[in-house]
Amino acid sequence: MLGFHVVKRSKDAMPWWNAWLIRLGSILIGALVCALVTVLLTGKDPVNVFTTMVDGAFGSERRIWALLQGIAMLLCVSIAVTPAFKMRFWNIGAEGQALMGGLASAACMMFIGDRLPNWLMLIVMAVTSMLAGAIWGVIPALFKARWNTNETLFTLMMNYIAIQIVSYFICIYATGGSGKIDVLNATTHTGWMPSIGGKAYLLNVIVVLILTVIMYVYLKYSKQGYEIAVVGESENTAKYIGIDVRKVIIRTMIISGLLCGLAGFLLVSGADHTISRDTIAGRGFTAIMVSWLAKFNPLVMILTSFLLVFFEKGSSQVSQLCGLNASFSDIITGIIIFFIIGSEFFINFKIMKNEKEVKKS
Amino acid sequence: MKRILAVVLALVMVLGLAACTKTPAKTGTNDAALKVGLICLHDENSTYDKNFIDAFKEACEKAGLVEGESYFITTNIPEGAECKEAALDFVDQGCTLVFADSFGHEPYLIEAAKECPDVQFCHATGTKAHTENLANFHDAFASIYEGRYLAGVAAGLKLNEMIEAGDIKADAAKIGYIGAYPYAEVKSGYTSFFLGARSVCESATMEVTFTNSWYDETLEKEGAQKLVADGCVLISQHADSYGAPTACEEAGVPNVSYNGSTEAQCPDTFIVSSRINWEPYFTLCINAVKDGKDIPTDYIGTIDTGSVVLTDLGKNAPAKGTADKLAEVKAGLIDGSIKVFDTANFTVTRFNDTYNQYKKDSIKTDKDGKVTEYLADVDDAGDYIGETNVIIDGIFVESGSDMRSAPYFDLDIDGITFAK
C-alpha cells in the first residue's frame, strides 16, 4: 500500500497567495531542472545560459520590441479563443480563422491598392479580416448548434482547408511558381500599419492591450459573459434558466472568429505585409496553451504568453551563441511548461498521509 | 485582488528581468573587428540549410572568426518580419556583413538594408538586387545547372547499364524527379539534369512531381514512391529533406541526390549528388568587407570557382566508368565546348494548359520546336511578364551577372512530363 492518498481541495480552501507561491516555486524548480539538463547534456554553464536567455529577450531595445510584438500577437489569438473555451467549445481552428483573416487583409492590399487613404484602408482591411475570420469560425458553430457535430474535429479540419485556400491563391497570384507572394505595396506602404514614434509594433501592442481589457470586462461583468460561463459549466443548467444555448454558441464563435481574423490582420498589416501559409506560425495552437494556463483569464494571459514568448526568444539566442541546436529551446520550454501544469495539480489537490494502514485480512 | 496581483507579478517579472539585463551590458565590443551573421530558414536537419551552415563555418574559420564571438548563425527564421528583426539584431550585435539563405527572406532583408546603409547584406537565390539599386544589397547564386547536368550524365550512364543488363527495355528508361515548386530554379534544375541524362542515354524520359514545399519529408517520400509506382527506374529530387533518398533505398531504386551526399543513409542506391558550395562566395564577401572592396550585385559561382561541386560517387550504385565520363564532361563544361542549354539540344512544342501556358506570347520556335527567341521575366517586377530576350547565339543564357544571378529558365521542354 502507498502511504498517502490524494484529496481534491475544496474551492477557496487555499489562500490565493499560497497558490501563487506554488506556481512561482514550480517555475523555480523547473528552472533548476533546466539548468541541470543544460549542464548534463551540453556541459555549458547554466547561469551563463540563463543570462544569455534574458539577454536574448531583453538585451536591446529592438529585442524588447520584438518580444512585445511576439507577446501581442500570441495574446491576440489567445484572447480570441478564450470565450469559446470558456464555453467549453473546443475551438482548435484559430490558426485557420486567423489565416483567413490574413488572406482577406492581403487581398485588400492587392486589389484596392492605393485607391483609399491609408487610415480608411486599414479600417477596411480590419473589417474584412474580422468578417473572414468570423465566417470561418461560425461554420463549425452552426453545425454544432444544428446537428451537434464534434467541434474539435470540425474546427481542426477547417485549418487545413484554410491553408489549402491560401496555397491556392498564392499559386494563382504568384504565377512565377515560386510559391511566395512578394511583400505587398512595398513602395507605397498602403495597408501597412503606421509606426508611432518610429516604433513599428507600438500600434499592434496597444490594440491587443485594449482588446485584452475589453475581453476581461466582457467575460467577467457582462450578461453575455455570464451566459458563456453558464453554458460552459452545464448546458442543462443553461437551458433550465432559459439561456438559448444555440444562440450563445453561435454568437460566441462569431466573436472568437472576429478576433482571430483581427489577429490575422495585425500579422499581415503590422508585420509581414504579405500572406503565406506560415503567416500565423502555429500561434493558433500555442494560444490554446496560453488560454488554458491562464484559466481563461485574459489578464493572466499577459503573463502566460509572456512566459512562452520569453522562452522562445531567449532560447533562440542561447542556440545562437552557445552553438546549440534550436531544438534546445523546445526542450527548455517543454520542461518549464511541464512544471507549470504540474503545479496546478498541487493547487487543486492535496496529498494526505494515510491515517491508518488498513490491514488486509 | 487576485487578478491585480497576477498583473503586478507579471509586471515585476518583466521589469525585473529587464533591469538585470542592463548590468551585463556589452563591453569591449568597440574594437572594429569584423563580425558576420547568417540567417537560416531551417536548421541543419534540412540538407539545404546544412549546406549553407557548413560552408559558412568553413569560410568564417578560414578568416579567423570565432562562432558566438565574431560569427553568428541564427536558425528557423521564417520568411516574414522575423527575418528583418534577425538581420537588424545582427547589426545591433556589431555585424557589418549579414547573409540570408532563403528565397522568401529577400524583401525583408532589403528593408533591413535600407535601414542600415553601412552594413552589407547578401542574399542567396534572390532576384531583386539588380533592380533595387542598393549599394549594400547583393544577390548570389551558382551555375548549379552545370552540376545537375553532370549528375544527369551519371544517371544516364546508370540507365544505360540497366538497359544493357536487360533489367529494363530502352524505352522504359524513365527518370522520376521530385521538385519543390514549379519555379524557375527548380525547372532549370530538372531540365539540366534531364539534358545530362539524355546526352548519354537517348531514350531517357522524365516524369516530374511537385510537393509545393521546400521541405516536407512525408510528401517527398510519397512523391518518390508514386514515381516508382508509375514506372520510374531512377529518381532524383530538388527538395530539402531525406524523404526521397530514403524512399529509394527502401524500394531499391537508384537515386541521384542534391545538396550533399546521402551515401551514409542510402548505401545501396546513392549514385552521386550535386551541390552548391557557398564557401567561395562567403569568403569573397568576407574579404571584400575586410578590404573595403565592393561585393558584386549579382554573383554567380561556377564549376571553375569551386562553387558547383559533385560529391564522391556512391560505392555500389553508379555504373562502371562513371568517374572517367564525368571528368571528360566536366572538362567540356569548363572549356565551354559543352553548353547545357544549347537550343540545339531540346525542343519546346507543347503549349496547352499545363505546359508553357503563360509563355506562348514570349517564345519563338522554329518548325522543329527549337527555341529561337524567349523573353524571360528577368526583372521580377511582380508582373510575371517576360521582357528580356535570353537566347543569345543559340544558347539559352540561364543566368548571367549582367542579367541576374538567380535562374529564370522556366520552359517545359519535350521529353519531360508531369505526374498526375
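The values are calculated or read from the model by the stated rules, or taken from the named source; none is laboratory data. Predicted, not measured: the structure shown is a model, and the values here were computed from it. Glycine gets a Cβ as well: all are built from the backbone with ideal geometry, and neighbour counts include every protein chain shown.
For the stretch A:122-178, what are the residues that are away from chain B (no Cβ under 14 Å), without any contact (Cβ under 8 Å) to a residue 60 or more places away in the chain, crowded, with 16+ Cβ neighbours inside 10 Å and farther than 30 Å from A:Leu203 by Cβ? A:Ile139 - this is the single residue of the stretch A:122-178 that is away from chain B (no Cβ under 14 Å), without any contact (Cβ under 8 Å) to a residue 60 or more places away in the chain, crowded, with 16+ Cβ neighbours inside 10 Å and farther than 30 Å from A:Leu203 by Cβ.
Within the stretch A:263-272, if we keep just the residues that are modelled with pLDDT of 95 or more and not aromatic (Phe, Trp, Tyr), the residue that is nearest to the chain's Cα centre (by Cα) turns out to be A:Ala263. Does the stretch A:194-201 include one or more residues that are in contact (Cβ under 8 Å) with a residue 24 or more places away in the chain, of a type outside the set (Phe, Trp, Tyr) and either farther than 19 Å from A:Ala263 by Cβ or away from chain B (no Cβ under 14 Å) (or both)? Yes, the stretch A:194-201 contains a residue that is in contact (Cβ under 8 Å) with a residue 24 or more places away in the chain, of a type outside the set (Phe, Trp, Tyr) and either farther than 19 Å from A:Ala263 by Cβ or away from chain B (no Cβ under 14 Å) (or both). Here B:Gly147 meets each of (1) more than 30 Å from B:Ser273 (Cβ to Cβ); (2) away from chain A (no Cβ under 14 Å); (3) not aromatic (Phe, Trp, Tyr) with one exception, condition (1). Restricting attention to the stretch B:306-325, the residues that are touching a helix residue (DSSP H, G or I) at 6+ places or on another chain (Cβ under 7 Å) and without any contact (Cβ under 8 Å) to a residue 40 or more places away in the chain total 1.
Evaluation of A:Val300 against the conditions (1) more than 9 Å from chain B (Cβ to nearest Cβ); (2) assigned to a helix (DSSP H, G or I) shows that the sole unmet condition is (1). Please verify whether the stretch A:282-290 includes one or more residues that are at pLDDT 95 or above, hydroxyl-bearing (Ser, Thr, Tyr) and on the phi < 0 side of the Ramachandran plot. Looking for residues that are at pLDDT 95 or above, hydroxyl-bearing (Ser, Thr, Tyr) and on the phi < 0 side of the Ramachandran plot, one finds none in the stretch A:282-290, hence no. Does A:Thr175 count as under 30 Å from B:Thr127 (Cβ atoms) and β-branched (Val, Ile, Thr)? Against the criterion (under 30 Å from B:Thr127 (Cβ atoms) and β-branched (Val, Ile, Thr)), A:Thr175 qualifies.
Taken over the stretch B:77-110, the criterion of being at the interface with another protein chain (Cβ under 10 Å from one of its Cβ atoms), assigned to a loop (DSSP other than H, G, I, E, B) and hydrophobic (A, V, I, L, M, F, W, C) is satisfied by B:Ile77 alone.
Scanning the stretch A:66-93 for residues that are within 12 Å of the chain's Cα centre (by Cα) and closer than 14 Å to A:Leu308 by Cβ returns A:Gly70, A:Ile71, A:Ala72, A:Met73, A:Leu74, A:Leu75, A:Cys76, A:Val77, A:Ser78. Restricted to the stretch A:32-135, the set of helices (runs of 4 or more DSSP H) holding at least 2 residues that are more than 29 Å from B:Asp89 (Cβ to Cβ) comprises A:61-86, A:94-111. Remark: pairs (first residue in the stretch B:370-385, at positive phi and within 10 Å of chain A (Cβ to nearest Cβ); second residue outside any loop (DSSP other than H, G, I, E, B) and of a type in the set (S, T, N, Q); Cβ separation under 8 Å; 6+ apart in sequence or on different chains) = B:Asp380/B:Thr131. Does the stretch B:111-144 hold any residues that are closer than 24 Å to B:Gly292 by Cβ, in a helix (DSSP H, G or I) and within 14 Å of chain A (Cβ to nearest Cβ), and which are they? If the condition is that a residue be closer than 24 Å to B:Gly292 by Cβ, in a helix (DSSP H, G or I) and within 14 Å of chain A (Cβ to nearest Cβ), then B:Ala112, B:Ala113, B:Lys114, B:Glu115, B:Glu132 are the ones that fit. Among the residues of the stretch B:340-371, those identified as of a type in the set (D, E, K, R) and over 18 Å from B:Ala197 (Cβ atoms) are B:Arg350, B:Asp353, B:Lys359, B:Lys360, B:Asp361, B:Lys364, B:Asp366, B:Lys367, B:Asp368, B:Lys370.
For every residue, the table says whether it meets (1) hydrophobic (A, V, I, L, M, F, W, C); (2) buried (at least 20 other Cβ atoms within 10 Å of the Cβ).
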residue	(1), (2)
A:Gly264	no, yes
A:Asp278	no, no
A:Gly282	no, no
A:Pro298	no, yes
A:Met301	yes, yes
A:Gly314	no, yes
A:Phe345	yes, no
A:Lys350	no, no
A:Asn354	no, no
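Evaluating A:Ser291 against the criteria (1) surrounded by 24 or more Cβ atoms within 10 Å (Cβ to Cβ); (2) in a helix (DSSP H, G or I); (3) within 13 Å of another protein chain (Cβ to nearest Cβ) leaves one unmet condition, (3).
Considering (1) within 21 Å of A:Ala326 (Cβ to Cβ); (2) surrounded by 17 or more Cβ atoms within 10 Å (Cβ to Cβ); (3) of a type in the set (A, V, I, L, M, F, W, C), the lone condition that A:Trp90 does not fulfil carries the number (1).
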